[in-house]
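K.L.:
Can you keep this structure in mind? I'll have questions shortly.
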Amino acid sequence: MIDFEPTPEQKKAIKVAREFAEEQLRPVGRYYDEQEHENPQELIEKMWEKRQEDTLALGLDVTAALRIEELCWGDAGLFLCIPGPGLGGAAIFASGTKEQLTRFLGHFNEGGPKWGAMAMTEPACGSDTSAIATTAVRDGDEWVLNGEKIFVTWGKRAAENDESLVVVWATVDKSAGRAGMKSFVVPAGTPGMRVEKLEKKLGIRASDTATVIFDNCRIPFDNILGNPEVKKLDKSQTKGFKGAMATFDATRPIVAAMAIGVGRAALDFVEEALKNEGIKIRYGTPRQKLTALERDVMEMEAHYKAAKLLTLRALWMMSQFQPNNLESSMAKAKAGLAVTKITQKAVEIMGPLGYSRKHLLEKWMRDGKINDIFEGTGQINMLVTARRVLNYSRDQLK
Ligand SMILES: Cc1cc2nc3c(=O)[nH]c(=O)nc-3n(C[C@H](O)[C@H](O)[C@H](O)COP(=O)(O)OP(=O)(O)OC[C@H]3O[C@@H](n4cnc5c(N)ncnc54)[C@H](O)[C@@H]3O)c2cc1C
């Protein structure tokens, strides 16, 4: 039987992350939300120190998800400033060789703060990731990248900070379709890679979201992740594309964990406010005897718990080397929906207090929504789930 009761080590990890969230993130969350694009340098240094001590290590496992829930309970935007290999690292893990893992990530924890971004989305390519137009052309011992990537989380930090990196998805052969899709590691500061603009956003405003341009950007040949060969594949063999999908299987539950943290922040706030008003939730009372408010709170709790269990299961499966494509998409679809519903309901229940900027409820409603958009929208994750459950191929169910 799977038991998700935290182990003593996990309880310790939760406690440390919670303290950091309470002391370092919550108090300044509103400030950085209002000063969009201001760099929280001092906080970044502290976060980096903690990461290096291993107390804020954020891998792709159950313990990381438990930490992330606490940190995003503190502030989701600032959580996204924590330096580390991030999505770029996940892509390297999913598609890179052993030598590449060592070369690109072996020293990631040393020296100053660094970031690993992943650039997939383009102006004409989002949910349908196989439609990428960015090209990678081989020229001797180098690849030459050309294209525009938008909405790159950590785009600026990863492109401009020493020893950071951006993993870019590009096609080496458009005619090969998905098989021609490959990922490439572009070290920060590589000539030809430049940050065009920073996005102004609804939520997670402390997080840097950039447009990154690749203009005849040259990188060494062996910076291509995985096999450089484009085999003439049939429709079912889409290796490069599978690398992208494997990345999502690893990162979707992590985004789900972020959603859970924001959702719980709103839930905790409402429950505390009701307690202060002397309102008790009568658990165990027959449904027809409950007040509308009690039903609302129970529904919020059910969303939170269901999303959390799905998320932990998806990550647990990954740690057991079990395929988790279905579970990871289910977790992400549920958690994105859960945080949207919980935070909206929290604003509704608290009325003007929920809408006011005096409290953080309105911010959580804005911050939470991104979890239903990036790393595959809610609709796309429902689609993946439906395909898996019904055993339909990508072409049969679009
Ligand atoms: C703050 C932020 C950070 C981001 N960070 C990154 C990042 O680090 N790296 C990166 O590569 N990208 C990143 N993205 C991009 C994000 O992953 C995409 O925005 C997302 O995948 C949706 O793609 P799109 O914007 O092209 O929307 P579209 O694909 O155009 O979707 C628009 C709407 O149509 C729906 N839709 C599309 N296709 C279908 C379908 N087949 N069936 C049903 N509904 C469908 C979608 O669900 C959505 O509601 C980020 C985006 C944001 C906002």
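K.L.:
Please give the number of the condition V167 fails out of (1) in contact (Cβ under 8 Å) with a residue 60 or more places away in the chain; (2) surrounded by fewer than 23 Cβ atoms within 10 Å (Cβ to Cβ); (3) touching a Phe, Trp or Tyr at 6+ places or on another chain (Cβ under 8 Å).
P.N.:
Result: V167 passes all but (2).
K.L.:
Can you tell me which residue within the stretch 375-393, out of those that are more than 10 Å from the ligand (Cβ to nearest atom) and outside any helix (DSSP H, G or I), is surrounded by the fewest Cβ atoms within 10 Å (Cβ to Cβ)?
P.N.:
Checked the stretch 375-393; the qualifying residue surrounded by the fewest Cβ atoms within 10 Å (Cβ to Cβ) is N391.
K.L.:
Would you be able to say whether some residue in the stretch 299-307 is more than 18 Å from W73 (Cα to Cα), at pLDDT 95 or above and buried (at least 19 other Cβ atoms within 10 Å of the Cβ)?
P.N.:
no
K.L.:
If a residue must be under 26 Å from M245 (Cβ atoms) and crowded, with 20+ Cβ neighbours inside 10 Å, how many such residues does the stretch 170-207 contain?
P.N.:
The total comes to 15.
K.L.:
Can you find, within the stretch 120-174, the residue that is farthest from the chain's Cα centre (by Cα) among those that are at pLDDT 95 or above, in a loop (DSSP other than H, G, I, E, B) and of a type in the set (S, T, Y)?
P.N.:
Of everything passing the filter in the stretch 120-174, T134 is farthest from the chain's Cα centre (by Cα).
K.L.:
Another question about this same structure. With respect to the numbered conditions (1) aliphatic (A, V, I, L, M); (2) within 22 Å of K363 (Cα to Cα); (3) not in a helix (DSSP H, G or I), which one is the sole condition not fulfilled by I44?
P.N.:
(3)
The values are calculated or read from the model by the stated rules, or taken from the named source; none is laboratory data. All of these numbers come straight from a predicted model, not from anything done at the bench. Because the Cβ atoms are built from the backbone with ideal geometry, glycine has one as well, and the counts that use them run over all protein chains shown.
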